[in-house]
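Read through the structure below, which is laid out as structure tokens, and then see the notes.
The values are calculated or read from the model by the stated rules, or taken from the named source; none is laboratory data. Just so we're clear, the structure is a prediction, and the values are computed from it rather than from any experiment. Heads up, the Cβs are rebuilt from the backbone with ideal geometry, glycines too, and the neighbour counts pull from every protein chain shown.
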Amino acid sequence: MDSKTVKELFSQNSYPGFFCVFEGVDYGGKDTQLERWGKYNAAYGLNFEFTRDPDIGPLGPHIRAILNTKTAFEKLSPHQHQQIFWENRILFWKDEILPRLVAGKTILQSRWSLSGLYSAFELKEVDEYIVLQADLFAKRKTQFIAPDLTLIYLIPPEISYERMHKSKRTPDQYENPETFARINKNYKYFCNTYSDVYNIKIIDGTKTEEQVFLESKQLIFGEIATKNKGNKEVTP
């Protein structure tokens with residue numbers, strides 16, 4: 001399946017709001033960057049809004065419980081895992097994200113529609129999960145909209161593992177060396193195949209937190225300015 005075929009599944013964001021997604025491998029820095037943006041937003045009064053997938057939405061607590069419990073996790077097939085992610089995503093999109101985009105809000109979100117990369121054991125399954133998710137959105141009469149910008153934070157699997165051990169966070173069922181390597185491979189395939197669909201920008205997550213923030217900041221404000229047809233950037 002080529003990117004042109006997949007692109008036909010998506011709608012472009014025609015609403016006045018701006019939707020940016022932070023994606024990437026575990027411990028690549030997504031949540032750290034979202035926290036940095038929260039502080040930056042408060043300091044300069046930008047009125048950006050911040051969300052996280054899968055914790056958001058009515059099924060968020062249920063998803064988190066599955067990810068944190070081995071017996072519950074192993075009872076479900078990879079496709080069943082994704083089905084729950086997708087249903088939750090659709091509800092949150094309709095109730096929360098879409099109204100904000102219509103209202104002209106800027107949303108920065110940690111993770112969005114790429115959860116299938118975690119369940120894909122072969123590269124062809126990356127394509128299949130994208131299509132299945134888009135089909136479910138269509139069945140629920142919900143637009144499957146590509147983000148205005150997708151920042152993908154990549155680090156080698158061994159660094160994911162190293163950071164996991166240094167963190168105080170309890171690992172979920174996807175956080176182990178074998179899965180880190182598989183997901184890293186899936187993300188690289190996705191970036192190479194779908195960069196034109198998702199407007200992907202790859203960021204080296206091995207850089208310092210400040211370097212990553214400055215690079216992310218430049219990309220986000222640049223895309224906002226482009227969407228606003230060259231209007232003055234909102235950076236202070």
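Brief remarks on what is shown
- Restricting attention to region 128-146, the residues that are surrounded by 21 or more Cβ atoms within 10 Å (Cβ to Cβ) and farther than 18 Å from Glu96 by Cα total 3.
Conditions tested, residue by residue: (1) part of a loop (DSSP other than H, G, I, E, B); (2) of a type in the set (Lys, Arg); (3) buried (at least 17 other Cβ atoms within 10 Å of the Cβ); (4) modelled with pLDDT of 95 or more.
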site	(1), (2), (3), (4)
Gln82	no, no, yes, no
Phe85	no, no, yes, no
Leu91	no, no, yes, no
Glu96	no, no, no, no
Leu101	no, no, yes, yes
Ile107	no, no, yes, yes
Tyr118	no, no, yes, no
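- Odd one out for Pro99, checked against (1) free of Cβ contacts under 8 Å to residues at least 12 places away in the same chain; (2) farther than 30 Å from Lys217 by Cβ: (2)
- Where helices (runs of 4 or more DSSP H) fall wholly inside region 1-69, the ranges with 1 or more residues that are in contact with a strand residue (DSSP E or B) (Cβ under 6 Å, 6 or more places away or on another chain), under 27 Å from Gln80 (Cα atoms) and at pLDDT 90 or above are 30-44.
- Residue among Asp31, Asp55 that alone is out of contact with any Cys (no Cβ under 6 Å at 6 or more places or on another chain), of a type in the set (D, E, K, R) and free of Cβ contacts under 8 Å to residues at least 40 places away in the same chain: Asp55
- Being in contact with a helix residue (DSSP H, G or I) (Cβ under 7 Å, 6 or more places away or on another chain) and either of a type in the set (D, E, K, R) or within 19 Å of Gln80 (Cα to Cα) (or both) holds for only one residue in Phe137, Phe144, and it is Phe137.
- Here Gln173 fulfils each of the conditions (1) surrounded by 15 or more Cβ atoms within 10 Å (Cβ to Cβ); (2) at pLDDT 95 or above apart from (2).
- Any hit, region 61-79, residues being surrounded by 13 or more Cβ atoms within 10 Å (Cβ to Cβ) and within 21 Å of Gln143 (Cβ to Cβ): no
- 2 or more residues over 17 Å from Gly29 (Cα atoms): qualifying helices (runs of 4 or more DSSP H) within region 121-236: 123-139, 177-198, 209-227
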